[in-house]
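Inspection log for the structure reproduced underneath, given as C-alpha cells.
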Amino acid sequence: MINRLKRAFRTYRPADDGAVTVDWVVLTSAVVGLGVVVLQIVWGGANIFATNVNSDIENIDVVNYQEGG
C-alpha cells in the first residue's frame, strides 16, 4: 500500500500538464482586471467631456431669421 502511494506520488509530482492552463487563467484574469480599470478611467473622462459639450451646446444663442422678410 505504501509503495503504491509512493509510486503514485512520484508519477504525479513531475506532471505539469495543468500548469499552462493555470498560467493562462491567471494572465487572462489580470488582463481583464486591467481592462476594467482602464475602462473606468476612460468612462469617467468621457462622461465629464460629454457633460461639458452638452452644456456648451445648450448655451449657444441661435438667431432665427427669414430671408426676404
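The table for this structure:
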item: Residue-by-residue Karplus 3J(HN,Hα) for the stretch 36-52, coefficients 6.51, -1.76, 1.60, Hz, glycine and proline x; result: 5, 5, 5, 4, 5, 5, 5, 4, x, x, 5, 5, 5, 4, 5, 5, 5
item: Inter-probe distance in nm under a simple model that places probes 7 Å from Cα toward Cβ, at Thr11 and Gln66; result: 9.6 nm
item: The chain, Cα convex hull volume normalised per residue, Å³; result: 132 Å³
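Readers should treat all values here as calculations from the given coordinates under stated rules, not as data from a laboratory. These numbers come from a predicted model, not from an experiment. Ideal geometry is used to build each Cβ from the backbone, glycine not excepted, and the neighbour counts take in all protein chains shown.
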